[in-house]
Amino acid sequence: MKVRFAPSPTGYLHIGNARTALITWLFARANKAEFLLRIDDTDQERSKTEYELAIEDGLIWMGMDWDEKARQRDRLDIYETKIEQLKKDGRLYACYESADELALKRKSQLSRGLPPIYDRESLNLTEEQIVKYEAEGRQPHWRFKLEHAPIEWNDLVRGDVKFEGADLSDPVLIREDGSPLYHLCSVIDDIEYGITHVIRGEDHVSNTACHIQMFEALGAKPPEFAHLPLLSDKEGGKLSKRLGSLSIKDVRDEDELEPMAVVSLLARLGTSDPIEVFTDMKDVIAGFDISKFSRGTPKFDTEELLRLNSKILHETPFEDVQVRLSNMGLGDLDEDFWKAVRPNLERLRDVSEWWNVAKGPVTPVIEEPEFIKDALELLPPAPWDENTWMGWTNAVKEKTGRKGKQLFMPLRQALTGMDHGPELDKLLLLIGPEKAKERLMSYKEAA
Ligand code: GLU
């Protein structure tokens, strides 16, 4: 068995494509199939090496690898041979309509209540008309002549799918400048690389109907197909521009999320299995089954991604983050500190906030020196434990009659120099008796 992930390097790897990649990759690993990374770069103007590299980076970051890589740009000679064959067999025909003329045709069909299917006018051009067009400087584009017959397949996700050839426009396979288009290159490559299963988004369903006839025209048996429904936002609407274009690069560099949070969510979204935290790809592979994916639109919720992210951090051992902490300038942060703050993290970067307020230096903010003096006097002696904060603040409350914000805010400001930050019961332990005392003592300078 062999599958492929075929991104077009015209942008970064976004969340929807990353999902297709992951499901294809999991299918390969779960079925001991080969995984081909195919770069669909026939659109020379929009394809960029920068994007190709970023897509590869994104796949690697998520924990994927590939057994083989191909670039369509390197295969133009092969497409040329197949084009000749299709022309000889009468399955490709030259068309001379300009983009404007085609748009006009569609408009007039729609206004008459007809589906906007190409009317094959160019198929009936006389020799004379063709000579005239070419004299005008028109270059033909080429369409694949579909057979007007039923097209059927059993989709691994959608079940039985049926199209009528007559309901589809003959797809354009070659541009005016002679360059081949996606449909043609994709089908030729799927044949030549021996692809057995094509897994892709449901936006390709009607393409598949055309592709099946193209496989047959090229003398090959079509592969199996699985069309995954596209992600929606959490209300079930189309993914907004921001979410739809959410790139794996942003998730990694801006949101600083853990790759396994993304994997955990994308591997289960749209399946009959519950979403759960995975920290080891082996477990994701072991639980993968393409038949668990349904036709229902999966809802992508960034809050869920964050929840998974924090759960993963709460389980992450120190040795797995040590290098990253060091790169964040937290080389002195040790295993004990990591274990103490880990349960409070939503993202790894939150650790800096805890580290800075715990280790200082901080400039205590003391607006009411008398109150802080009282609090200092009541500060329990070491050793401290998780009940120290509660015991201490209860005592302060009793003595001063303060409660709520009036009680906690001045303590927070004196201990951390800030009016927001990590939870104080846990933070107090990380600050420790010595530093806490020293910070509270600053009431003297404030008096
Ligand atoms: N390059 C195409 C895309 O990104 C590939 C689709 C396919 O899997 O055939 O949509």
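The values are calculated or read from the model by the stated rules, or taken from the named source; none is laboratory data. What you see is a predicted model, and the numbers here were worked out from it, not measured in a lab. All Cβ positions, glycine included, derive from the backbone under ideal geometry; neighbour counts span all protein chains shown.
Worth pointing out:
- Subset of the range 39-59 [within 13 Å of the ligand (Cβ to nearest atom), of a type outside the set (Ser, Thr, Tyr) and in contact with a helix residue (DSSP H, G or I) (Cβ under 6 Å, 6 or more places away or on another chain)]: Ile39, Asp40, Asp41
- Residue match in the range 385-405 (condition: in contact with a Phe, Trp or Tyr (Cβ under 6 Å, 6 or more places away or on another chain), at pLDDT below 95 and in a loop (DSSP other than H, G, I, E, B)): no
- Filter result for Gln213 (touching a residue at least 12 places away in the same chain (Cβ under 8 Å) and not in a loop (DSSP other than H, G, I, E, B)): yes
- Scanning the range 431-447 for residues that are of a type in the set (A, V, I, L, M, F, W, C) and surrounded by fewer than 18 Cβ atoms within 10 Å (Cβ to Cβ) yields Met441, Ala446, Ala447.
- Some residue of the range 162-177 being within 13 Å of the ligand (Cβ to nearest atom), in contact (Cβ under 8 Å) with a residue 12 or more places away in the chain and out of contact with any strand residue (DSSP E or B) (no Cβ under 8 Å at 6 or more places or on another chain): no
- In the condition set (1) over 23 Å from Leu305 (Cβ atoms); (2) of a type in the set (Gly, Ala, Ser); (3) assigned to a loop (DSSP other than H, G, I, E, B), Ala226 is compliant with all but (3).
- For the range 189-213, a tally of residues being in contact with a Leu (Cβ under 7 Å, 6 or more places away or on another chain), within 15 Å of the ligand (Cβ to nearest atom) and closer than 27 Å to Tyr96 by Cα returns 3.
- Scanning the range 318-363 for residues that are aliphatic (A, V, I, L, M), out of contact with any Ser or Thr (no Cβ under 8 Å at 6 or more places or on another chain) and under 23 Å from Gln413 (Cα atoms) yields Ala340, Val341, Val351, Ala358.
- Qualifying positions in the range 1-33 - within 17 Å of Arg252 (Cα to Cα) and more than 13 Å from the ligand (Cβ to nearest atom): Ile15, Leu22
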